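Notes follow once the structure below has been shown.
The values are calculated or read from the model by the stated rules, or taken from the named source; none is laboratory data. Given the structure is predicted, the values throughout are model-derived calculations rather than measurements. We place every Cβ from the backbone using ideal geometry, glycine too, and count neighbours over all the protein chains shown.
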Number of protein chains: 2
Amino acid sequence: MQRGKASIEFEEPPLILSDASVAGKKEGEGPLGKWIDVIERDDRFGMETWEQAESAMQKQAADLALEKGGIRRKEVRYLFAGDLLGQLIATSFGTVDLEIPLFGLYGACSTMGEALMLAAMTVHAGYADRTLAVASSHFATAEKQFRFPLAYGNQRPYSATWTVTGCGAAVIGKAGSGKNAKNTPRITGVTPGRIVDLGAQDSMNMGAAMAPAAAHTIRQNFEDFGVDAAYYDKIITGDLGEVGRKLLLDMMKQDGTDLTDIHMDCGIRIYDSEKQDTHAGGSGCGCSAVTLCAYVLPRLRSGEWKRVLFLPTGALLSTVSFNEGKSIPGIAHGVVIESGMTD
Amino acid sequence: MQRGKASIEFEEPPLILSDASVAGKKEGEGPLGKWIDVIERDDRFGMETWEQAESAMQKQAADLALEKGGIRRKEVRYLFAGDLLGQLIATSFGTVDLEIPLFGLYGACSTMGEALMLAAMTVHAGYADRTLAVASSHFATAEKQFRFPLAYGNQRPYSATWTVTGCGAAVIGKAGSGKNAKNTPRITGVTPGRIVDLGAQDSMNMGAAMAPAAAHTIRQNFEDFGVDAAYYDKIITGDLGEVGRKLLLDMMKQDGTDLTDIHMDCGIRIYDSEKQDTHAGGSGCGCSAVTLCAYVLPRLRSGEWKRVLFLPTGALLSTVSFNEGKSIPGIAHGVVIESGMTD
């Protein structure tokens, strides 16, 4: 159950029964486009405001995850969800119609990790037979809130990332509850992360702010479970981008761990940065959430990967703290997901 | 374990091992002042900005809760914490030095309820021996973010509430872990709430936005546990204020339930509204968190109250959604806390 200093091991691993990904036009044109369930050509999702668009995207992803799993809303006992916006308005307005008790979460771009951890912990403890984990971000709501209104057309340094317009939703169910549980990915353990603040201050270089947190959680995970990098087929960070990836690889090398081949970053994977002008890569809660549902889970289902460490990363940045000269602390939450095919 | 449609009952109820409250000058001058652990005369807590002040208050409350319980930081496995600010900056900067893995939460003013629920669920499941639940708010950070800078001196209608400058922190431990467990309050059940949106649109009347959510969670709690109002010595809402209280009592009367005598609202209790010019009452995550630690838990410890339903209420409001003409959805999370003296 408790493993080491900070981790939890699930004796009867909760299953990821079904999932769905919904994303915008740019994400649809990227390398993962062909695997994303729904690509909306209109980034307003038919709504009047960007915030309503993000809410609509959450609702669509949640409903589709339920539909794909043949699960009714009433069969989901608790919802764990969040987004990047102040007071989680995308989530509040996006999930109200689900009528499911809500645990609102904020972990910056690590939210899908936080949601999956709590959703699995809740199911494994027997508090619920099914829970739903949801996280979203939207390029236009994030730029408006964190940086500049889009109409300014401001320039971006190469270390900057591009906030993903996307939402991922996953239904977690108790062990043995899947129709074909042998093909169903399962959450076998979690390593909740702590805040790591090495004093990074450049809001246009969030990869540097998050890499130390990612390294910390990976080390904690290795220590708690008594494993090393070879235990995993992939270690998948959320949105370090090119700059953050280099830093992470360097930091892990200091431990004698070479992650070059098994490390994958959702932010790097989701766009073709040269063709799509996204600089260091994608970011936002939606980045890891969409990549999980569209790219990672299918590879676990097919057995191509047996075991991954899914590690969404968050930069705990706000315009208020930034303008007051504060640093950007980072956090990273680790979720061990195994292929059903290992049984 | 699972009770009814939305609740959880704990067979071996987790204990509230220790707690602490820290608040500002105005709260210290109010009716609860004599029971609040620390009253800071300087609402900046010696810091340069209001946000840093709120962070300092969180750290002080967390450290004091640990100190009062004779518990070291390393003995706390997970932290569940939140505040009202965009991207939870009071929490990020306030808790970084604790070096405890963090689950960041946002439930508007219901956050102390959400934190207690998850902290208790985690302990009861055996995932941790001790967890820490923390929630804060600060009058100046909240006014700056949600309404106007203080220097404007804008007028406030009588339905408006006053954001509490305060933080409550509680250490939750597994059953039997207290030094004198007989006197230790315990969490025997929880009823996580769902978002209720009846279309309230007045940001200066948040009581009206939250009352329907409070009524919904109370009804759900009664139904799930098969009890009625007489089961509790007190039903304690977070920050409905005078206006929201009237609405709640009216709504419950429609069910034939008279809550007039057993209902208490932290927002009404924390200030003397006539003398302190706080209009409808106090609000903010800190309102219910401080009232819990300074006023509710001592009465459970003494045995004056045997069983309460602690029900922090949240108005899911943001300036962005408000300015876009959206309504203010509400949420309320129910925590059943019993006196150790019932054993």
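Could you please find all residues in segment A:75-100 being within 21 Å of B:Leu198 (Cα to Cα) and surrounded by fewer than 21 Cβ atoms within 10 Å (Cβ to Cβ)?
Of everything in segment A:75-100, those that are within 21 Å of B:Leu198 (Cα to Cα) and surrounded by fewer than 21 Cβ atoms within 10 Å (Cβ to Cβ) turn out to be A:Val96, A:Asp97, A:Glu99.
Which is at positive phi, free of Cβ contacts under 8 Å to residues at least 60 places away in the same chain and of a type in the set (Asp, Glu), of B:Glu75, B:Glu99, B:Glu48, B:Glu67?
Answer to the check: B:Glu99.
For segment B:138-156, check the following and say yes or no: at least one residue is in contact with a Pro (Cβ under 9 Å, 6 or more places away or on another chain), touching a residue at least 40 places away in the same chain (Cβ under 8 Å) and within 11 Å of chain A (Cβ to nearest Cβ).
no
Can you name every residue in segment B:8-32 that is under 19 Å from the mean Cα position of the chain (by Cα) and surrounded by fewer than 17 Cβ atoms within 10 Å (Cβ to Cβ)?
B:Pro31
Here is a list of conditions, (1) farther than 28 Å from B:Asp224 by Cα; (2) touching a Phe, Trp or Tyr at 6+ places or on another chain (Cβ under 9 Å); (3) among the β-branched types (Val, Ile, Thr), and B:Thr188 meets all of them except one; can you say which number that is?
Here B:Thr188 clears every test but (1).
Could you count how many residues in segment B:109-123 are in a loop (DSSP other than H, G, I, E, B) and either within 28 Å of A:Glu11 (Cβ to Cβ) or facing chain A (nearest Cβ under 7 Å) (or both)?
Here is the first cut: in segment B:109-123, the ones in a loop (DSSP other than H, G, I, E, B) are B:110.
Retained after the next criterion (residues that are either within 28 Å of A:Glu11 (Cβ to Cβ) or facing chain A (nearest Cβ under 7 Å) (or both)): none.
Total satisfying the criteria: 0.
Of all residues in segment B:65-99, which are outside any helix (DSSP H, G or I) and either over 17 Å from A:Ala315 (Cα atoms) or more than 8 Å from every other protein chain (Cβ to nearest Cβ) (or both)?
B:Gly70, B:Ile71, B:Arg72, B:Val76, B:Arg77, B:Tyr78, B:Leu79, B:Phe80, B:Ala81, B:Asp83, B:Leu84
Among the residues of segment B:144-161, is any of a type in the set (A, V, I, L, M, F, W, C) and within 23 Å of B:Ala62 (Cα to Cα)?
Within segment B:144-161, none of the residues are of a type in the set (A, V, I, L, M, F, W, C) and within 23 Å of B:Ala62 (Cα to Cα).
Among the numbered criteria (1) under 14 Å from A:Met112 (Cβ atoms); (2) outside any loop (DSSP other than H, G, I, E, B); (3) touching a helix residue (DSSP H, G or I) at 6+ places or on another chain (Cβ under 6 Å), which single criterion is violated by A:Asp239?
(2)
Considering only segment B:36-58, state which residues are buried (at least 23 other Cβ atoms within 10 Å of the Cβ) and under 19 Å from B:Ala170 (Cβ atoms).
Result: B:Ile36, B:Glu54, B:Ser55, B:Met57, B:Gln58.
Would you pick out the residues in segment A:186-202 that are among the charged types (D, E, K, R), more than 9 Å from chain B (Cβ to nearest Cβ) and not in a strand (DSSP E or B)?
Matches in segment A:186-202: A:Asp202 only.
Which of the residues that make up segment A:320-342 are farther than 21 Å from A:Gly241 by Cα and surrounded by fewer than 24 Cβ atoms within 10 Å (Cβ to Cβ)?
Taking segment A:320-342 and keeping what is farther than 21 Å from A:Gly241 by Cα, we get A:320-321, A:323-326, A:336-342.
Correct list: A:Val320, A:Asn323, A:Glu324, A:Gly325, A:Lys326, A:Glu338, A:Ser339, A:Gly340, A:Met341, A:Thr342.
Among the residues in segment B:224-242, are any surrounded by fewer than 22 Cβ atoms within 10 Å (Cβ to Cβ) and farther than 24 Å from B:Lys306 by Cβ?
yes
Collect the residues in segment A:236-284 that are at pLDDT below 95 and of a type in the set (A, V, I, L, M), keeping them in residue-number order.
Once the filter is applied, which keeps residues that are at pLDDT below 95 and of a type in the set (A, V, I, L, M), segment A:236-284 yields A:Val243, A:Ala280.
So is A:Gly126 out of contact with any Ser or Thr (no Cβ under 8 Å at 6 or more places or on another chain) and facing another protein chain (nearest Cβ under 8 Å) or not?
It is true that A:Gly126 is out of contact with any Ser or Thr (no Cβ under 8 Å at 6 or more places or on another chain) and facing another protein chain (nearest Cβ under 8 Å).
Of all the helices (runs of 4 or more DSSP H) wholly in segment B:245-297, which have at least 1 residues that are more than 22 Å from B:Asp233 (Cα to Cα)?
Output list reads B:273-276, B:285-291.
For segment B:308-316, check the following and say yes or no: at least one residue is over 21 Å from B:Gly189 (Cβ atoms) and part of a helix (DSSP H, G or I).
No, that holds for no residue.
Conditions tested, residue by residue: (1) over 19 Å from the mean Cα position of the chain (by Cα); (2) surrounded by 24 or more Cβ atoms within 10 Å (Cβ to Cβ).
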residue	(1), (2)
A:Tyr152	yes, no
A:Ala160	no, no
A:Thr163	no, yes
A:Ala169	no, yes
A:Gly178	yes, no
A:Ile187	no, yes
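Condition check: on the phi > 0 side of the Ramachandran plot and not β-branched (Val, Ile, Thr). Does B:Asp277 satisfy that?
Answer is yes for this residue.
Any residue at all in segment B:320-327 that is part of a strand (DSSP E or B) and outside the structural domain of B:Leu132 (by TED's automatic domain parsing)?
no
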